[in-house]
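The structure under discussion appears below in the form of structure tokens.
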Amino acid sequence: MRHFFLPDVEHNPNPGGPFAGMIKLARERGAEMSPIWLLCGFKPDAMEFLMPLTHQVMRGPSPLSPGMRELIAAFTSARNHCVY
């Protein structure tokens, strides 16, 4: 995983919230994970608001299909050299 210059977030020994299990498993396996997981584990209360917003943006009513929105997000992430 690339470092994103927030050592307290990256090395948080006790991530919380719904991403805590995935963070723990990824660390145990030495797997790459999205930095957003670490942010969510660092501030799990923020997820209470972020997850419904993300779901609405990616899955709510739109002239673009959910697949097209996923493709745009993946393309944007690739252009920004970050994991999607």
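Where a number appears in this text, it was derived from the coordinates with a stated rule and is not lab data. Since the model is a prediction, treat every value here as computed from it, not as a measurement. Reconstructed Cβ throughout: ideal geometry from the backbone, glycine too, with neighbour counts over all protein chains shown.
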query: Taking the highest mean first, how do the peptides 61-74, 27-40 order by number of other beta carbon atoms within 10 angstrom per residue?
result: 27-40, 61-74
statement: Contour minus Cα-Cα span, ARG27 to VAL9, at 0.36 nm per residue, comes to 5.1 nm
message: Between LYS43 and MET68, what is 0.36 nm times their sequence separation minus the Cα-Cα distance? Round to one decimal in nm.
response: 6.0 nm
query: Counting every Cα pair in the range 7-79, what percent are over 17 Å apart?
result: 54 percent
